[in-house]
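See below for the structure under consideration.
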Amino acid sequence: MSNNRRPAYLSIAIIAVVVIAIAAAVIMWFKPDSQRMDTAQSASIGSTDASESTLSTALNSEQTGQTASAQNQSEFVTGLERLPRSLKGTQVDGEIIIDENKQLVVTEGLRRLFDYFLSAIGEEDEAVIFARVESYIRQHTPEPAASQAVAIFGKYVAYLKALPEIEKRYGNLQLQATKSGELDLNAVAQQKQDVANLRQQYFDKTTIAAFFGASDSYDDYSMEMVRINQNQQMSEAQKQAARQDYISRLPDSAIKTNIMQQANLGELMVRTEQMKAAGASSEALYNMRRELVGAPAAERLAQVDQEDANFDQRFTQYQTQKQRLLSQSADPAEAQTQIDQLEQQLFDDAERKRLSGYAALQETKTQ
């Protein structure tokens, strides 16, 4: 079975403000403009959910690893015996919840449990994984919940196997968006509806909501953001207002909190670039950032600005001396030796690894 991974269907990376240092690095090194942000958000749409797509591809592949015999399948007790290499040393992800009557309570954690074991596709045969999962469930779960969970697992595997047929009908929507410069949201919506119809063939409403409800909420948000970004009749101010209005109308939940954090981070990056381009003062930048992400993050970003300016100054010095060495030296090898020495003088090890990428970025900005 193939173990290749594909991009997520409509999922976006929800980045919390607590990792604002990562955002600062993005601002420092890549500083995206609005067009690149639109492209990035479009790229998050166009295939099935990441885990669904990966697992469905693997389950439908004929290149199945035979690492356990049929005899070994019957020897599972806990389901954790003779784990494949990728699962050794890891903790089982997910959960099995039951109510006071020992009935299964379907949660998103149950799907995570299934995905944990299915991630070994390519190392173990499908039948071995099924036996492993059933043994694990029955070891940790009383009846009738155990049999209910095993039945849902069988339906989940069947559902994953059926997904590629939908993907074939629509092709690579991300590639199409790259070529056309705009994502076909009608095709995305239709594909999403086809996936929803497929889910109804295998699961009841409760299971669908538990397994896919959160990711569907993020998907809807992503689609709406792309729809707003692609609206040529709206000004940037109108688009921003539309984004904020959509988020404000979401029901209060952890999902809304994450989306608000993502929106704040996106606005932070855009407004930072715009204000810097307009020559905003350090104080103005700090006030804007404090409003969006809080004082500690704003102080860290101010420090990053100083580090960024210092690096830019050294990079300019480096480029100037590098060009002088290349133009004046008759021996290319000797010139390169001097350039290497110059790099060591001006930059630390981590910075030197970024030089070529930073130089390429600067070149594109001057074109």
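The values are calculated or read from the model by the stated rules, or taken from the named source; none is laboratory data. Remember, predicted model here, so these are calculated numbers, not experimental data. Note that each Cβ is placed from the backbone with ideal geometry, even for glycine, and that neighbours are counted across all protein chains shown. Accessible surface areas use protein heavy atoms only, side chains included; no ligands, DNA or RNA. Shrake-Rupley method; radii C 1.70, N 1.55, O 1.52, S 1.80 Å.
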Pair Ser253, Ile208: separation of 7 Å Cα→Cβ label points (nm): 1.5
Modelled FRET efficiency - R0 41 Å, Lys88 with Asp184, Cβ distances, 0.05 increments: 0.40
Reach of Lys256 by Cα under 20 Å, taken over aspartates and glutamates that are not fewer than 8 positions away in the same chain: Asp49, Glu108, Asp216, Asp219, Asp220, Glu224, Asp245, Glu267, Glu291
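Just the accessible area per residue of region 183-236, please: how many Å² with a 1.4 Å probe? Intermediate results must be reported in sequence, preceding the final value.
Values: 2600 Å² over 54 residues.
That works out to 48 Å² for each residue.
Checking the a/c ratio against 1.5 first, then a/b against b/c, what shape does the Cα gyration tensor give for region 118-164?
Numbers: a/c = 3.38, a/b = 1.45, b/c = 2.33.
Here region 118-164 falls in the oblate category.
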Inter-probe distance in nm under a simple model that places probes 7 Å from Cα toward Cβ, at Val105 and Lys168: 4.1
Chain lengthening between Glu224 and Gln341 when straightened (0.36 nm per residue, less Cα-Cα): 37.0 nm
